[in-house]
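Reading through the structure tokens given below for one structure.
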Amino acid sequence: MTVTEAIMERRTIRGFTDKEVPEDLIREIIDIARHSPSNCNTQPWHIAIVSGEAKEQLKEDLVSLILSGAKSNADWNRGDNGFTDIYKERQYDCAFRYYDSMNVSREDKMARKELFLENWKFFGAPHAAFISLPKTMNEINSIDIGIFLQSIIMLFTERGIACCPQGALANFPDPVRRIADIPEENGIIVGISFGYEDVGAQINSAKMPRATLDEIASFTR
Ligand SMILES: Cc1cc2nc3c(=O)[nH]c(=O)nc-3n(C[C@H](O)[C@H](O)[C@H](O)COP(=O)(O)O)c2cc1C
């Protein structure tokens, strides 16, 4: 598989089989991804993988915390997401495509909430990973995290492993810290649920469009 094929064929997957990814394979992938570039070679990333009973316990803890009405206390103060105009339109388009793919109507708040809650059930994936970086760092270092995340996603794609990157997994760090092994000085910035795709699962049917080249690039001489 070429890099071009990996980029063009990858999609976010939210329906998984129970089959676990062998730990040796997960280690191999992270061992390659650690060669990603970073600002001043700081390599600020840490990735904590949670599987098996620990993952089941974490799912229960997160879901009961959220159902109790807890508010997000993310390590990184994300505040308002800053989506305006076309970005807000894309956000809504993304959500509606997702709901439509699951036959959930836009008015059905209960069903939408249940679908949203799937984030913290890791969409049924056998593994969840949490990526963190030192809380002393700033947004330039979050670029490093994005590059590291994409390396992991590309390596997964090359090996037939499906995943869903999830900002949502950074929202409730306390239960995650109690179960996952995360450096104390770090803040969780993003998570990834991963495993093998449940091919044909309805939840995997949504396809997300992209803006055209001319909308996102300019060329000046
Ligand atoms: C940093 C990041 C955070 C994301 N957070 C979530 C999330 O919390 N929940 C979710 O279901 N999908 C999440 N996604 C997946 C996006 O919705 C998805 O990448 C986008 O809609 C484009 O679809 P595609 O990946 O299938 O091309 C996230 C993706 C990225 C890169």
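The values are calculated or read from the model by the stated rules, or taken from the named source; none is laboratory data. Note that this is a predicted model, so its numbers are computed, not measured. Positions of Cβ are backbone-derived with ideal geometry, glycine not excepted, and every protein chain shown enters the neighbour counts. Each accessible area value is taken on the protein alone, full model and side chains, heavy atoms only, with ligands, DNA and RNA left out. Shrake-Rupley method; radii C 1.70, N 1.55, O 1.52, S 1.80 Å.
Karplus-derived 3J(HN,Hα) values for the stretch 110-124, using 6.51 cos²θ - 1.76 cosθ + 1.60 with θ = phi - 60°, are 4, 5, 5, 5, 4, 5, 4, 4, 4, 3, 8, 9, 6, 6, x Hz; glycine and proline are entered as x. Shown is the FRET efficiency for Thr136 and Asn73, computed with R0 = 22 Å from the Cβ-Cβ distance and rounded to the nearest 0.05: 0.75. Take the Cα radius of gyration of the stretch 126-221 and divide it by 2.2 N^0.38 Å, N being the number of residues; the result is 1.33.
A simple count of charges around Ala111, restricted to other residues whose Cβ falls under 14 Å of its Cβ and scoring Lys, Arg +1 and Asp, Glu -1, yields -1.
For Lys135, the lysines whose Cα comes closer than 27 Å to its Cα, not counting residues fewer than 8 places off in the same chain, are Lys55, Lys59, Lys71, Lys121.
All other residues whose Cβ lies under 15 angstrom from that of Arg27 are scored, Lys and Arg at +1 and Asp and Glu at -1, for a net of -4. Protein heavy-atom surface of the stretch 114-221, 1.4 angstrom probe: 53% of the accessible area is carbon and sulfur, with nucleic acids and ligands not counted. The 3J(HN,Hα) values that the Karplus relation (6.51, -1.76, 1.60; θ = phi - 60°) gives for the stretch 6-23 are, in residue order, 4, 5, 6, 8, 5, 9, 5, 10, 10, x, 10, 7, 7, 4, 7, 7, x, 4 Hz. Gly and Pro appear as x. Here the stretch 46-94 is treated as a Stokes sphere of Kirkwood radius computed over C-alpha pairs; at 10 °C and 1.306 mPa s its diffusion coefficient rounds to 113 µm²/s. In the stretch 3-55, the portion of solvent-accessible area held by carbon and sulfur atoms comes to 49 percent [1.4 Å probe, whole percent, DNA, RNA and ligands not counted]. Taking a sphere under 11 Å around the Cβ of Met154 and counting the other residues whose Cβ falls inside, with K and R at +1 and D and E at -1, yields a net charge of -1.
The relative contact order of the stretch 149-192 comes to 48 percent, based on Cα pairs under 8 Å that sit 6 or more residues apart. Using alpha carbons only, the radius of gyration of the stretch 46-135 set against its Kirkwood radius gives Rg/Rh = 1.00. Its Cα gyration tensor gives the stretch 1-48 an equivalent ellipsoid, and the semi-axes of that ellipsoid, as √(5λ) in whole Å with the largest first, are 24, 18, 11.
Here, the stretch 4-101 has an Rg and a Dmax of 18.1, 45 Å when only alpha carbons are counted.
Of the three principal axes defined by the Cα atoms of the stretch 31-186, the extents in descending order read 48, 40, 35 Å. Based on protein heavy atoms only, the chain ends up with 60 Å² per residue of surface accessible to a 1.4 Å probe.
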